[in-house]
Every structure is written in C-alpha cells, then in structure tokens.
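Report on the structure given below.
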Amino acid sequence: MNLDQAKDKIDTLRHELEEYNYQYYVLSNPTISDYEFDMKLKELEKLETEFPQFFDPNSPTQRVGSDLNQEFVQVKHQYPMLSLSNSYSEAELFDFDQRIQKLTDESYEFVCELKFDGTSVSLIYENGALARAVTRGDGEKGDDITANVRTIRSIPLKLKGADYPASFEMRGEILLPFAVFAELNQAREEIGEMPFANPRNAASGTIKMQNAAEVAKRKLDSYVYYLLGENLPDDGHYESLQHAKRWGFKISEHTKKCADINEVVDFIKYWDTERFNLPVATDGIVIKVNSRKVQSNLGFTAKSPRWAVAYKFKAEQVSTTLESVSFQVGRTGAVTPVANLTPVLLAGTIVKRASLHNADIINKLDLHLEDVVYVEKGGEIIPKIVDVNDSLRKADAQKVEFIHECPECGTPLIRKEGEAAHYCPNEIGCPPQIKGKIEHFISRRAMDIDGLGQETIELLYQQGLIHNIADLYELKAEQLIPLDRMGEKSADRILSSLQESKNVPFERVLFALGIRFVGETVAKKLAQKLVSIEAIENATLENLTNIDEIGGRIAESVITFFQDERNRELVNRLKAQGLQFELHESVLEGRSQKLEGLSIVISGTFEKHSRDELKDLIEKNGGKSVGSISKKTSYLLGGSNVGPSKLEKVEKLGIPIISEDEFLKMIE
Ligand code: IVH
C-alpha cells in the first residue's frame, strides 16, 4: 500500500467508525455488530501504527485514552462560565417573566430544558474538530481535560456536515447514567474503595482522573445545551441546538419551546415526577429566552445571565417513624447502618428503609427508636433521613447506638483513623466477606468462571462445600450434581470453566485475590514490575511505593494481606492447583533494567514504533514513561512534530531530546 492509498483507507475507516459511534452513542441505534466494529477499529489501528505520519488525536482509535499519567494545565475561558440564578416556586418564575418584559420591548419565547446533574464542560471546536475541553473551574479558568473528554463516545471528535462555524464553543454536562453508576460503585466496594455518594460526584471525580484509559472504562455520557461564538447558524437557541444535533452532538430529546411562562409551568409540573423515569440524574429545569438577540438585550449580571433561570426541584420529603436500625456487613467488611421505617410513599415508590451511612450521621441526628423522622430522596438513589422531630420524642425513648461487634460473626469492629466507616476485621471468617471474596474471584474481569453466580455460591457455602477461593478448585462433580437446580450439564460447565481459569494471566489472578485497593490497574502494575507472586509477597513498603502510581495506602494493604499466614496459605494452595502466579514468558521477553531510574516523555510521531510500543519498551526496560515534562524528566523521546510547548519546556529545563534510533540503541 502506498502513502496515498493508506491515507485514503485511514480516512475512510475513521469516517465510518465515527459514524457508527454516533449511531450507537448519540442516537442509541447501533447499525453494526460490536464484532464488526472491533474488526474495523483493529484494521485502523494497524494502519495508524504502520503509517504514524497520519496520527490524529481525534481518530476513533484515540477514544480508549492513553495510559500515561497527565497533569492538568489551567486554561482561561474565552467566555466566562457563569452559573444560573435559582428559583424554587411558580411565583418566582412569574417574577422572572415580569423582569424580562420590563427590560425588552421585543416578543420572546422560552426554551425549557432538563437541568442535568453532572459536571459542566466547555468544548472548543476548530474547523470541525474537537480542539480543547475545559472544566468550569472557578468560572474564569478551568483545567484542560481534553484527553479525558476524547474518551466520551457521545462527544463528537469530528463534526458531521459542513455548515458549522469555523470556530465555536459548546457547553454541556458530563454525566454518569444511573446504571453505570451502580456498576461502578459495586466494583469499588469489591476492592474496598469508598463508593461515590451520587452520580454527580462520580462524574466529576472521573473526569479529573489522571489516566485517560481509566476514564474510558467508566462510560461517561454527555448532553450539550449551549452554543457560543460568532456567526452561529440561527438566532434561536432551540434552532441552534437542532443544528448541533446534525453536527453530531447529543442533545436532550426532552427540550421544549414554550410560547409563554404558563407553558413553562406545565413543563415543570410534568417533569417534577416524570424525571424519576430518566436514566440520568436531573435536579431541575433550565428556562432560557430563545432568541439570542433578546438574550443579548437582556445581558448578564455579575454572576448569571438575565435571560435564563434554573427551577430547582424540591427533593420530595415525607415524615415517618423509625422502627429499628439494622447493621449490614458488606463484602469488604464495612458495616452500614440501615434505618427500618414504617412504610411510606415517597416520589412514586414505597420507602421502607433508609441509609444512615455511618456512626457520625447517627450521632448528628441524635436518633432514638420510635422517632418521627423526615426522609428525602435527593441526588442519592437511596433515600436518607435528613431530620428528626425531637419534640415528639417520648421521655424514655431509647437512643440508637452503633454496634461494637460484627452482627454476622461477633468479631469486635474497628474504625481506622480518619475513616467514617466501621469495619469487621475478620476477613477470612466472616460469612458475607467470605462470599463476597468468592464472588469477586469468579467475576468476569477476574477469573471469569462460567456457571457460578451469587446464588450458587450461597448454596455451596451453606452446604459447607466452599469456605474460600481455593476450595473452588477442589469441588467434585458428585458434590455439585445433587444441588438444587444444578444437574450434570451445569456441574460440568463449572468444573471445566475452573480448569480453563488456570490459564488466566497473572495480573488477573492477582486482581481476583481481592486485596483491598488492588483493582485491575494496580494489579497490572504490580505484576509487570514485580513479575512473580513471591516478589510481591516479599516486597517492602519502599519496593512497592517506588512503583508508578502505587501509593502508601495500596502498599500497606498489600503488605498486610501477605503478612496474614492464612492468605499465604491460600495462595500456596492456588499455586499447587496450577493457577498463574508469574508473568508469562512472552511478556517477559526483552525485559531489562537498562532504563532504571529514568523518566521519559514521548512526543511526536515515529518511524519504527507506535507511541504505545515505545511506552511498552520504556517500561519493559525498567524506565518510567510519563505524560508531561517536569524537572524530574530525564529525556524527551522526540519524533517528528513534537509539540512547540513541549520543545520550549525541555529547552528551559535543559532536558536532552533523544531520537527514536538513539532510544533503541540505549536498550539494545
Ligand atoms: S445553561 C450561562 N443548561 O447547571 C448559562 N446549564 O448553574 C449556562 N446545567 O454550570 C448554563 N443542565 O453545569 C444550562 N440544560 C442546561 C443545564 C445546565 C445542567 C448546569 C451547568 C451549569 C449549572 C448552572
């Protein structure tokens, strides 16, 4: 294939893939199978590696995000990112309308939009391509989060059509749909991370992660709602958004043009309850004057536009009685107090229980049994107790005390300094923790054991057939077949899947062990750096914290895990059963320590290797591949088209630039 042919093919594939992405993530209407999509993506990746001169940060291949750590650079907003003034009642909306009437002689319409409860973003497009994405920050300047935003599939990297302005800004909200949020929190709890309180926190936490490849895995979504710039296609805000939809942006299908404020009120009444059926969190309605011309007549106050207002939904609240408090032990041993309430209707569902989160919250509310409590459904999905009516409390009411012993196994609970949660430390003997560990071990991203689910694990545990993960490999067909809803076929499937799992690579086995704070990425880092389980078992705090991205908290957790004789024994049993406890030879090939202690920044495009391959080579040879230049950088590995800001920075700091060939010599 010559250069022209390659360029043509690359362009065609990029175009096709972006179109499929659009159909899937913006229109929710996939037109090809995942398999076909992956095949095309692979073909494009191959061509881009072969022809690095055609590198494009907005290629669909870049949506997986780089694994290099980034530092966020602050950027000034071209138009300050203001907020909206809030209103809470119909009367305030009529006032808003009156104020506008006084300020303008023109007639006007309103546009009503859902107020999405995520984190706002400013997207800059130049000549039809995403050039920069910035957080709100303090409204004047924010963080450049372009690399992370590129991974959000519903944000177009290249625009469709041709009638977009050469340069414009689009504002929108980045959010995590409820379903993805629930999945994420479950995964976090499995590795002992604190779950996010609500989808908004999860979205804003995710978009500021240093590693774009991790962001890509979180499946963020977006809606855009505000177009800014010169030469916009239409005077109407509503009409502009319809144009933006054709350029490939995801806009809400629930936006409505309203002739007057009465129609606005109807819209609000409808969504006040209907919003609970949406797949994403909303906390109000935004009402905007449609005409841009009228908008500019009205202008801004110091804080917010005069042409728009937010109507905030009242978090629905009801009162009921606290009947009792129970304490639940999670898979990680965290103990959560749960309030059992007299059932009551709240925002369309019957509420019987509310989360109390931790001991501090119980104390702050000064809860007593039989208290009349106020329950609210806010941004969180589980209702919470927000207040107590203590004037109705009987004199002899019993104060709610946090328990001291685990309700499942009786072990005294502990509370680590600085942490809100109480834990049951009996990781190996406490039933929900035992079952939780086994469930994590067999899960898809860990050992991926077919045919074993939560119910079967419960059954096997109840029958005394398994007490830990190593017991799984000693299960026999004759033990499984007689179980409820089992049979020969299912038993066979479980046993052969367990056999197959002996080929699961080391990093996934390490993840499957369920060491607190050792998620997939950390497990991969540990496996790659330390190569074998023995090295990890014997590593010191210093050995561990020397590894990129492994901090004190993770290191301590690894050490504590292996200090426990019972864990060592478990690992030994698994080893004897034939699971992978060191990196595969093919991964080990070509490894050295020639770059030990060196920290290298890759920039530009290269002739012989792709940037990912170079990164791999740096790490395989004991070096550290980092995303941005600092005083600690040893070399800039530069290809053609090194960014001018990078060149300036290395010159200023006196950091040597090496070419691809010089680099390859260093590791020869
Ligand atoms: S318009 C100048 N429209 O609400 C006005 N904002 O307090 C620009 N938000 O920071 C904002 N949904 O994060 C607008 N449909 C919507 C919105 C929306 C959510 C957020 C946005 C903004 C905050 C305003």
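The values are calculated or read from the model by the stated rules, or taken from the named source; none is laboratory data. For clarity, every value in this text was computed on a predicted model and none was experimentally measured. FYI the Cβ positions are ideal-geometry reconstructions off the backbone, even for glycines, and counts take in every protein chain you see.
Considering the conditions (1) touching a residue at least 24 places away in the same chain (Cβ under 8 Å); (2) crowded, with 20+ Cβ neighbours inside 10 Å; (3) farther than 30 Å from LYS46 by Cβ, PHE581 is excluded by exactly one of them, (2).
For the range 308-327, check the following and say yes or no: at least one residue is in a loop (DSSP other than H, G, I, E, B), farther than 25 Å from SER107 by Cα, of a type in the set (D, E, K, R) and away from the ligand (no atom under 16 Å from the Cβ). The answer is yes, given that some residue of the range 308-327 is in a loop (DSSP other than H, G, I, E, B), farther than 25 Å from SER107 by Cα, of a type in the set (D, E, K, R) and away from the ligand (no atom under 16 Å from the Cβ).
Taking the range 77-91 as the range and being over 30 Å from ILE124 (Cβ atoms) and either in contact (Cβ under 8 Å) with a residue 60 or more places away in the chain or within 14 Å of the ligand (Cβ to nearest atom) (or both) as the test, the residues that pass are SER87, TYR88, GLU90. Quick one: is VAL289 closer than 16 Å to GLN98 by Cα and within 13 Å of the ligand (Cβ to nearest atom)? Criteria met by VAL289. Residues in the range 287-311 that are out of contact with any Asp or Glu (no Cβ under 8 Å at 6 or more places or on another chain), under 11 Å from ASP235 (Cβ atoms) and surrounded by fewer than 18 Cβ atoms within 10 Å (Cβ to Cβ): SER296 alone. Selection of first residues in the range 292-317 that are farther than 27 Å from ALA347 by Cα and of second residues that are away from the ligand (no atom under 15 Å from the Cβ) and assigned to a helix (DSSP H, G or I), restricted to Cβ pairs under 6 Å at least 6 apart or on distinct chains, gives the following pairs, ordered by first then second residue: LEU298/LEU103.
Please verify whether the range 119-136 includes one or more residues that are of a type in the set (Asp, Glu) and within 16 Å of the ligand (Cβ to nearest atom).
No, the range 119-136 contains no residue that is of a type in the set (Asp, Glu) and within 16 Å of the ligand (Cβ to nearest atom).
What do you reckon, is GLU455 farther than 18 Å from GLU408 by Cβ, at pLDDT below 95, of a type in the set (Asp, Glu) and not in a loop (DSSP other than H, G, I, E, B)? Considered against the rule, which asks whether it is farther than 18 Å from GLU408 by Cβ, at pLDDT below 95, of a type in the set (Asp, Glu) and not in a loop (DSSP other than H, G, I, E, B), GLU455 comes out as yes.
Taking the criterion of being over 28 Å from the mean Cα position of the chain (by Cα) and surrounded by 18 or more Cβ atoms within 10 Å (Cβ to Cβ), the only residue of the range 49-81 that qualifies is PRO52. Exactly one residue among GLY172, GLY248, GLY192, GLY236 is over 28 Å from LEU513 (Cα atoms), crowded, with 18+ Cβ neighbours inside 10 Å and more than 16 Å from the ligand (Cβ to nearest atom), and that residue is GLY248.
Within the range 64-76, identify whether any single residue is among the acidic types (Asp, Glu), in a helix (DSSP H, G or I) and either away from the ligand (no atom under 16 Å from the Cβ) or farther than 17 Å from GLU18 by Cα (or both), and answer yes or no.
Filtering the range 64-76 for residues among the acidic types (Asp, Glu) gives 67, 71.
Restricting the remaining residues to those that are in a helix (DSSP H, G or I) gives none.
No, the conditions are met nowhere in the range 64-76.
On the given criteria, is TYR164 more than 16 Å from the ligand (Cβ to nearest atom), in contact with a strand residue (DSSP E or B) (Cβ under 8 Å, 6 or more places away or on another chain) and not in a loop (DSSP other than H, G, I, E, B)? Give the steps one after another, and end with the answer.
Working: more than 16 Å from the ligand (Cβ to nearest atom): yes; in contact with a strand residue (DSSP E or B) (Cβ under 8 Å, 6 or more places away or on another chain): yes; not in a loop (DSSP other than H, G, I, E, B): no.
Against the criterion (more than 16 Å from the ligand (Cβ to nearest atom), in contact with a strand residue (DSSP E or B) (Cβ under 8 Å, 6 or more places away or on another chain) and not in a loop (DSSP other than H, G, I, E, B)), TYR164 does not qualify.
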